[in-house]
Each structure stands twice: as structure tokens, then as C-alpha cells.
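So the structure is just underneath, and the comments pick up after that.
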Amino acid sequence: MQSFFIENKNIDFTAQHYLINGIVSKGKLFEGSIAEFYDMSSFTPNLLLQGRVSYQTNRLVVEGIKYDKTPTGTNRIYGLFYVYNMDDYSMNYKPKKAGALRIKCAQALYLESNFNQSPVIVKYSNPNSFIYIYGKAIGKERSFLSAEIPNYDLNNDETFDIVKIILLIGDNATLRDGEGMEFKGRIKPIQQSSESIMFQLMEGELNYGNGDRFEGNLSTKTVGHFFVDGTTFFRDGTIIKGNWLENYKLSDSQWAKVYQCRNPSRAKELITEYEKQKKQERYQLLVDSVKALGETPYQKALISWRDRYYKQLETECGVSGKTILGGFMIEGLGDQITNQTTLGYSMAAITFEAYSKKPMAFKSITEKMALEIKQIEKLALPIEKELEKIQAEIMKSRNSTNPN
């Protein structure tokens, strides 16, 4: 029975400045074992290739990782490599007869690199490849970008330029900011320096992570950081095309806080708060101004109208004196300004009782009330009309919030 000796050894090609470390049998690397190839031209050994050994038609093939040192780090190619040191593509393990070490990539599966302190991975596939970038290169530590790119051929010396590959990014890209926001669509990479690339979002869909999304062009019009050249879909079901902020009137400081909001819904909520605050301030100013006028002709006419019809509702519809007294008491709880809004609120119980007891008589009386009120409305000053309008809006808002 023939026996052979297997050992792990270094084969030092001193004259050619490289070294092979691996399991050797019958004078060559043992098939199925792991071998390492080092560049020995400098003081520190530099790992060139590492992987599993096999042979194809007597050619040495290594399935593993090829390393390439660059000024910004180490590039890696994962795949299948032909390794040889003779012109006939064979591998001679005798240093005195061997030539320079040559490594040819037969099939690249993955490329790995770093750009701006961020890992970058390229996965080879057909018909296109895919690139994945993580971290600071696209904004934040937790950021992530993936995109479909054209297949990339290695340089003649079996190296690659990661910047050139990144600049291939275009359609079918996905970018996440690590905090829930995600964009899908076309991205345009713009090289600003050897260590900086800006990723311009073009056409696509932006999901804010809270249920809001924007569909359209993200490279053109913005208001603050919100995109408006397209359609905004709010999480409550509202859909607005174009600039959904254009009809709001806020102070510069308020706009600054709105633009700090991460999504359109929160921005709209903040705007609503500011508008309520503004309306409340305007309301209080109107109340004070109308009070300063004293009892106006409009108010006097309304009081006379109220007293006459209170009496008629009591007499013809059987409304109790207690209910009418309650109406007077409700009037006193408000801002003590008489107008249609305050009277309508105070008369609610009275009209309900009148309708319940004598619906036909009630209908006849209210028709007269409505005709007369149209004439009285002509006496109202502009400031009284504005106050009455705001009071009605406030009342409507309260009723919608508290339907019971």
C-alpha cells in the first residue's frame, strides 16, 4: 500500500517575494484544505488570498477571499480564483523554478469594502448586481442603502474601485435612515470629494414610518424638509396633491418648529395647535372689544326678540317657567355678550320642550322668529359678526369632540 505524508508548512518564494502556507501532500497543496498566500515584499507579511484548495484540469483553484489593501482600508473579493506562477498557468511549488505569483478571478461572488468608515457589500447576480451600504456614508450610524446596479467588471489587476461602483446606483434603490423612514425609487449619487458622496433622492415613494407617505419627485420643490412636488398621503386617510402647507399662516418661529417635525401628520397637528391658539387669542380680543362697546343696537334688538318669544313659547307651547329661568341662567355663564350663538345655546332646552309639547304651535312661532332675526342681523357690527362666527366654530368643535 502506498503511503504519503501530509504536513502544514510554509513554502517561501524568497526571490519572488511571496509565501504560501497550507497543507502539502506529494509536493503540492492538498485538495480540500485551506491555504493562505502572502506578499512578502515588505517588512510585514501581507495576506493576498485565503481559501479552500481544489484542482480543475490540473490548475490550482482557490475558493475564498482575495485581499487588496487600499489607502482607506482593505477591499475583499469573495469567489473562485485561479492561482499560478508559470506562464502555462500551472503552479510550481519549487521556489527556484517558480515565477511571480499571479491570481486571476474566475468568478466573483461578493465584493466588500469601506467608504467613509461605512461597510459596503456588492453581491454579483444575473442580470444585475446589488449593492448594500451601511452607516455614516449615507448619513447616520443606523442608515442603510440597497440598490440594483449593473454588473461590474474587475480591473485588469483584479482590484476594484468602490467609489466607481457606488456611482452606478440609480433606479430600484432603497434607503432607510435607521429611525423608521424609508425611500424606494431612484437615487442619484453625487461625488463631492474622494471621501464624500451625496445621495440625492429623485422620483419614488417616501414612507415616514408613522403611516404617512409621499409619492413624487423629491429632488425639486420642498417646504422646510417636506416634499411637495407630488402627493402626500396622511395616516388618517387624507390625500393632498402639491403643497399641503400653502394655506397656513404662521409666524417664523412657529414655522421653524413645524419644520422640525419628522412627518407630515405631526406637522399638521402642530399647525392645528397653533391655529387654535391664534383663534383663541383673536376670540378673547373680540370678546373684550365687544364688551367695551356696551349694549349695541344689535344686542338690544336680540334681547327684545328673545323676551317676546320666550313669553310666546311659554304661553302657546306650555314651556315651564323653570325651563325659561334655566335659559336665563345659561346666558349668565358665558362671556355675557348677547348674540345668536349665545342665545341659541341658552334656548336649546326651551325650544326642545316647546316642540315636545306643542309641535304645530312651535313650528308657527319659529317661522316668525326666523323671519324677524334676518332683519335684526342687519344691525350687527362687523366686529360682532366676526365674534359670532368664531363662537359658532368653537361650539361646533366642542360638540364634535363631545357628541354626548
(message) I need the full set of residues from region 335-354 which are of a type outside the set (A, V, I, L, M) and either open to solvent by less than 30 Å² (accessible area, probe 1.4 Å) or touching a residue at least 24 places away in the same chain (Cβ under 8 Å) (or both), in order please.
(response) Asp335, Gln336, Thr338, Asn339, Gln340, Thr341, Thr342, Tyr345, Ser346, Thr351, Glu353
(request) Please go through region 303-348 and pick out each residue that is farther than 30 Å from Ala292 by Cα, hydrophobic (A, V, I, L, M, F, W, C) and assigned to a helix (DSSP H, G or I). (result) Leu313, Cys317
(request) Consider only pairs whose beta carbons are under 8 Å apart and that are at least six residues apart or on different chains; among these, list those whose first residue lies in region 193-204 and is at pLDDT 90 or above and whose second residue is open to solvent by less than 50 Å² (accessible area, probe 1.4 Å) and among the hydroxyl-bearing types (Ser, Thr, Tyr). (result) Gln200/Ser219; Leu201/Ser219; Met202/Ser219; Glu203/Ser219
(request) Please specify each residue of region 235-283 satisfying the condition of being open to solvent by less than 90 Å² (accessible area, probe 1.4 Å), farther than 30 Å from Ile337 by Cβ, in contact with a helix residue (DSSP H, G or I) (Cβ under 7 Å, 6 or more places away or on another chain) and charged (D, E, K, R). (result) none
(request) Go over the candidates Gly294, Gly344 one by one and state the one that is small (Gly, Ala, Ser) and either in contact with a helix residue (DSSP H, G or I) (Cβ under 6 Å, 6 or more places away or on another chain) or closer than 30 Å to Ser364 by Cβ (or both). (result) Gly344
(message) under 27 Å from Gln117 (Cβ atoms) and open to solvent by less than 50 Å² (accessible area, probe 1.4 Å): is that true of Gly51 in this structure?
(response) no
(request) Look through region 206-221, keep the residues that are at pLDDT 95 or above and open to solvent by 60 Å² or more (accessible area, probe 1.4 Å), and return whichever of them is farthest from Arg262 (Cα to Cα). (result) Glu215
(request) Please tell me if Glu295 is open to solvent by 40 Å² or more (accessible area, probe 1.4 Å), closer than 21 Å to Glu388 by Cβ and outside any helix (DSSP H, G or I). (result) yes
(request) Give the residues of region 149-192 that are of a type in the set (Phe, Trp, Tyr) and modelled with pLDDT of 90 or more, sorted by residue number. (result) Phe160, Phe183
(request) With the condition kept exactly as written, say whether any residue in region 115-138 is among the hydroxyl-bearing types (Ser, Thr, Tyr), assigned to a loop (DSSP other than H, G, I, E, B) and within 29 Å of Met40 (Cα to Cα). (result) no
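The values are calculated or read from the model by the stated rules, or taken from the named source; none is laboratory data. All figures in this text were calculated on a predicted structure; none of them were measured in a lab. With ideal geometry, Cβ positions are generated from the backbone for all residues, glycine too; neighbour counts draw on all protein chains shown. Ligands, DNA and RNA are stripped out before the accessible areas are found, and what is left, the full protein with its side chains, is counted by its heavy atoms. Shrake-Rupley method; radii C 1.70, N 1.55, O 1.52, S 1.80 Å.
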